[in-house]
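Novice: Have a look at this one before I ask anything.
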Amino acid sequence: MSHQNFSPYLLQELPDITDSINYPIQNVQRIKYTCFDISKSLIAFGATSGGIYIFNRDPCEFMQLIPNKNGAITRLVISPDEKHIGFANGRGLVTVAGCNQSLSGNQSTVTSKEHQGNEITAMIWSASRMLFTGDDVGKISVMQPQNFIAKTMFQSSSLTIMSLDSRICQLDMKSSMLLVSTLTRCYICDTSREQYRQIGQKFRDGEYGACFLNKENNIEQATENDAQNFTEVRRYNIVGEDSGFTVGKEVENTLIFCARPSSRIWEATIDGTVVRTHQFKQVLARKPMKIISVESYETQNVCLEEISCENEGQSVNFSKIFAMNGAIFSFKKNALYFLNINDVDQTIWFDSYKDIIDCKIYHDMLYMWLSNGSLVCLKYLRVDKYLVKCYVEEKYVLCAQMCALFSKYLLTNVLSPKLHILVSLRDKVDDNELLNSIKDVLDKFDNLKANDSTQMKSGIYVLDNTYNAQTSLFEDTSTKPDEYKFSSLPPEAMQTLKDLSISVSDKLSTSKKILKEKWEGFEGKMKHLSIDRNLDIKEIPHIEPHTRIIKRIPSEELIAQTQHVLNSDIIYKGTSQMAIDVDNNILDKDKACKSVYQCYKLSLVSKETEQSNLVSTIETYACDISQIYGLMLQLERYCANVGAIEESKFVPNHIFLIYLSETTQKEEALDFIIKDETLYKYFVDSCISVNLKTQKISNIGCACGFPLPYSRTLYTPAFSELIDEFIERQWSNQTRNQCYDMCKRMPYLWRKILYLRRNEDLLNILMVLLQMLDEGLLHSFLPQFTLETWERAVQLYAILHANICLNCAKKFDHISVRDTLSWDDLGRLMIKSIGSRNAIKVLEKYAGLIDEGAITVKFYHTCLLVTMYERYDATITADLTDTIYSSYNFEDSKFEICELLRSTLNGHTKNTALPIIVAAKSKHWGLQPLIERPVGDFERVQEYIKNVDLDDILENLHYINNGITDCILCGLPLHNIVLIKDGGLWVLSVVTLFTELV
């Protein structure tokens, strides 16, 4: 049968992904999607909550949520490098957010208010990462995220570059050329010269789109990232009709198409000169084509009707137009249009879907969003590629039917030699009547065989096979990475080939499951590889000894061998992947991994609610810790398969620790992990992986496994409570050697070990305790220190002070001990532990180990005051020492302390009070000092006491004295001029106060 009116283009519906898209919001009724965009590997949805939900495009998996508090998202676009997302809300605020999500959920964002109060109607990224935005009053602005680096920190992040006459309908970008379509006109802008001009002279009134199209091959090419990286933008100037643009080589083969009323489209050159008008009104009078649905494809029952002109011509206003696979694509609420510029007769349109909200395209893929929340994925392709697709996926009957339907096209047009594989339909289809109807087509395919081998310079012939034909015809070569077009196999693909060869050679003893996993890993690494190229076999660096080696042989002999291979049936076999039986267990595991992965991504933003959901989801698919471990291993492979290579190890580790922290079965799980060697190693590796990823630990351990000073880095390890509990349970199970091994890999765990050994002889753990230089930890051990212990501690500290490890005697340079714990600080600990007199005796004994000036007057003044005050009350020694050390950094406090020492008589003081200027600058004497916190990183910045004078102290006395304004002893008001003039206010310690009263 002959259908000469058929266009050689088809629109195929792909499997539904709506459930995957709606998964993150399926349990939240108040959140709805408002807009979306797609890119090479991402799908992003804006929501009424202000959040942006990001999905992997193929396969469709939820990846992350970018929170935003500026209101519902109305429009968004993904940058070409997929590192940023630009989005707008209903108030006209335009924001650029980074796509790299941290565990804290924080996002780096930049907001522009250029369009505040207006409606954002169009947004587009340039290849140089500039975001162009248009609104409903004709204003166009540009944002440059790179402007926020130091060298351009004083430039404006956003600037209005054009103010046009009416609403912006559509924007398009090609290299440095910006195409703008408004309600009345269309403009072409040269962003490198900051000029623009109007296209054509006739006005219009309504929503009309405009787009670029490459005239060389009429396929929209991905824009190269070679446009000028602008660091300054200004308002653009309009030029007259006689003034054109100087066109660069990157756009000299680019055409402009502008929609006009009544189904017309202007074609213009890149400088804005209109050359012709295309009329599609009559061709759209034809009946709409049928979409090949998923059901009809699976049942191999496709019914296409002949195209006939039974209707009147359609007068369509194309509100948005896009270049797509050699055609101009447009849509309206209930129709899709594919307008062929070169051959009007090949124009087709479809009316299979109703209530279309928006459409996005990427190469030959079309994503259509409907009002009912469905996201439909379609593929627009030539019948040539579709036939190969059907054959490779073993839809042989459908392939033959399509050959019959398009026999006129196949017989009258030049076909690719790759189609010769379809000749095997004679052996695949049992319907003789169908085969007879395509006999001429199959004969033509058979004649293409002679061209399926290519002779290389070396004399070797490279033969195409089914997979090669599928890759070269079905895949769009424009999407292949450039570095793979002319180079040899990438290293990871070569290694996978080697692994695959081992599996195939041992296939008699290898299960189908393992073989399938090998193949899936191979295809995952090969999917971006362009097979349609000549590879010299000698370039392959290594082939396993048991594989067949291709030798260099004379051309005549090789041709004879080639003919034999061509006549054999093996070259026409289906792909190995299709021959492998589907393992239902693997499918179930993939489903489990998908649910766990998506729950994890949501938990990064709303931790409290989603982490409990994550635990319950895990327990749905695994009932004990061993099965959970197996699920984590499956999740590693799943992350790699969906393209999250960097997360493939870290994410399962993090989920594993989240589960152990939140589950009600934590105690049983930890006990089992301690007893199981595999699980124990996985737990330790997970702790290290998560802390390294979140930068909670740095190089805080010596090579020998001893800890290094880290207490003042202000970092707390991630999952510290879980790790501490794990160590404690392990210690009680008498597996202490494993604890030490774990500490060598995570030195911060020595803190817990020291706590567990707190009742042992202090000399046994003194080296570890001292080398950590953690004052808080040392304080907890002070009651156990004796004169003998401190003498040994001083000797060890002298070694440590030179940045030498106490265990292995190796020097470390990245941490300064003297900046972490000085000799003065060590002296303070000694005063609080053994008293001031004994502290001086110990330091005098080992004075030769102490650098000159390392111990300052602060230590000696403290010793003097403690000696005098402890006569009245020995319990205030620690508080007094800390108070003097804390306030001694302030000049006025230091002066008051010196005056206090000068006023003593024969080494005696009248009471244990301190001047208020001293007491108010320390939190150890019972008062509450004025605190200031600098602006900066929350984890790194530490609060400090403000350096205030006496007037500031008196003004804030109510706060400093914890709400008490009168003296507790005599009842006089503390803020009293007479008292101040008569020597000022004095502050008693709380303990001393009760002593004096008694």
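Novice: Can you tell me which residue in the range 20-40 is nearest to D384 (Cα to Cα), limited to those that are at pLDDT 90 or above and open to solvent by 40 Å² or more (accessible area, probe 1.4 Å)?
Specialist: If we take residues in the range 20-40 being at pLDDT 90 or above and open to solvent by 40 Å² or more (accessible area, probe 1.4 Å), then K40 is nearest to D384 (Cα to Cα).
Novice: Same structure, new question: Go through the residues of the range 396-414 one by one and say whether even a single one is surrounded by 17 or more Cβ atoms within 10 Å (Cβ to Cβ), closer than 22 Å to I328 by Cα and touching a residue at least 24 places away in the same chain (Cβ under 8 Å).
Specialist: yes
Novice: With the structure loaded, tell me whether S833 is in contact with a Ser or Thr (Cβ under 7 Å, 6 or more places away or on another chain), modelled with pLDDT of 85 or more and open to solvent by 10 Å² or more (accessible area, probe 1.4 Å) or whether it fails that test.
Specialist: So S833 fails the test.
Novice: Restricting to the range 16-46, count the residues that are over 18 Å from C377 (Cβ atoms) and in contact with a Pro (Cβ under 9 Å, 6 or more places away or on another chain).
Specialist: 1
Novice: Sticking with this one: Do any helices (runs of 4 or more DSSP H) lying entirely in the range 368-427 carry at least 2 residues that are among the polar types (S, T, N, Q), and which ones are they?
Specialist: Hits in the range 368-427: 407-412.
Novice: Still on this model: Being at pLDDT 85 or above and open to solvent by less than 40 Å² (accessible area, probe 1.4 Å), is that true of even one residue in the range 601-612?
Specialist: Scanning the range 601-612, I find no residue that is at pLDDT 85 or above and open to solvent by less than 40 Å² (accessible area, probe 1.4 Å), so the answer is no.
Novice: On to the next question. Here are some conditions: (1) buried (at least 22 other Cβ atoms within 10 Å of the Cβ); (2) of a type in the set (G, A, S); (3) part of a loop (DSSP other than H, G, I, E, B). S192 meets all but one. Which one does it not meet?
Specialist: (1)
Novice: Could I ask something else about it? Please state which of the following conditions T664 fails to meet, knowing it meets all the rest: (1) surrounded by fewer than 19 Cβ atoms within 10 Å (Cβ to Cβ); (2) within 16 Å of D724 (Cβ to Cβ).
Specialist: Condition (2) is where T664 drops out.
Novice: Write out, first by first residue and then by second, each pair whose Cβ atoms fall under 9 Å of each other, whose residues are 6+ apart or on separate chains, and whose first residue, in the range 194-218, is acidic (D, E) while the second is at pLDDT below 90 and surrounded by fewer than 17 Cβ atoms within 10 Å (Cβ to Cβ).
Specialist: E194/R234; E194/R235; E194/N237; E216/N253
One line per residue, one yes/no per condition, for (1) open to solvent by 30 Å² or more (accessible area, probe 1.4 Å); (2) free of Cβ contacts under 8 Å to residues at least 60 places away in the same chain:
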{"residue": "I348", "(1), (2)": "no, no"}
{"residue": "D351", "(1), (2)": "yes, no"}
{"residue": "I357", "(1), (2)": "yes, yes"}
{"residue": "N372", "(1), (2)": "yes, yes"}
{"residue": "V376", "(1), (2)": "no, no"}
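Novice: Under the condition of being in contact with a Gly (Cβ under 6 Å, 6 or more places away or on another chain) and more than 17 Å from E647 (Cα to Cα), which residue from the range 56-68 is most open to solvent (accessible area, probe 1.4 Å)?
Specialist: Applying the filter and picking the extreme gives P67.
Novice: Right, next: Would you mention how many residues in the range 901-919 are at pLDDT below 85 and either touching a His at 6+ places or on another chain (Cβ under 9 Å) or part of a loop (DSSP other than H, G, I, E, B) (or both)?
Specialist: Here the count works out to 8.
Novice: Do you know which of the residues in the range 873-890 that are touching a residue at least 12 places away in the same chain (Cβ under 8 Å) and either small (G, A, S) or open to solvent by 30 Å² or more (accessible area, probe 1.4 Å) (or both) is farthest from L901 (Cα to Cα)?
Specialist: Top of the filtered list is T875.
Novice: Then there's this: State all residues of the range 607-651 that are touching an Asp or Glu at 6+ places or on another chain (Cβ under 7 Å), part of a helix (DSSP H, G or I) and among the hydrophobic types (A, V, I, L, M, F, W, C); if no residue qualifies, say none.
Specialist: Correct list: V615, C639.
Novice: Continuing with this model, one more query. Among helices (runs of 4 or more DSSP H) lying entirely in the range 788-871, which contain 3 or more residues that are hydrophobic (A, V, I, L, M, F, W, C)?
Specialist: Because the criterion is at least 3 residues that are hydrophobic (A, V, I, L, M, F, W, C), the helices (runs of 4 or more DSSP H) in the range 788-871 that meet it are 823-834, 836-845, 857-869.
Novice: I'd like to know if the range 790-798 contains one or more residues that are under 25 Å from R757 (Cα atoms), within 49 Å of the chain's Cα centre (by Cα) and not aliphatic (A, V, I, L, M).
Specialist: yes
Novice: Could we say that Y9 is over 21 Å from the mean Cα position of the chain (by Cα) and of a type in the set (F, W, Y) here?
Specialist: yes
Novice: Oh, and also: Filter the range 764-778 down to residues that are open to solvent by 10 Å² or more (accessible area, probe 1.4 Å) and modelled with pLDDT of 85 or more, then give me how many there are.
Specialist: Matching residues across the range 764-778 total 1.
Novice: Scan the range 327-338 residue by residue and report those that are open to solvent by less than 10 Å² (accessible area, probe 1.4 Å) and not hydroxyl-bearing (S, T, Y).
Specialist: Result: A327, I328, F329, A335, L336, F338.
Novice: Going through the range 244-296 one residue at a time, which ones are part of a helix (DSSP H, G or I), touching a residue at least 40 places away in the same chain (Cβ under 8 Å) and surrounded by fewer than 20 Cβ atoms within 10 Å (Cβ to Cβ)?
Specialist: Within the range 244-296, just V294 meets the criteria.
Novice: Regarding the range 603-615, can at least one residue be identified that is of a type outside the set (A, V, I, L, M) and touching a Cys at 6+ places or on another chain (Cβ under 7 Å)?
Specialist: yes
The values are calculated or read from the model by the stated rules, or taken from the named source; none is laboratory data. Please read these numbers as outputs of a predicted model, since none were measured by experiment. Note that we place each Cβ from the backbone using ideal geometry, even for glycine, and neighbour counts take in every protein chain shown. Accessible surface is based on the protein model in full, side chains and every heavy atom, while ligands, DNA and RNA are left aside. Shrake-Rupley method; radii C 1.70, N 1.55, O 1.52, S 1.80 Å.
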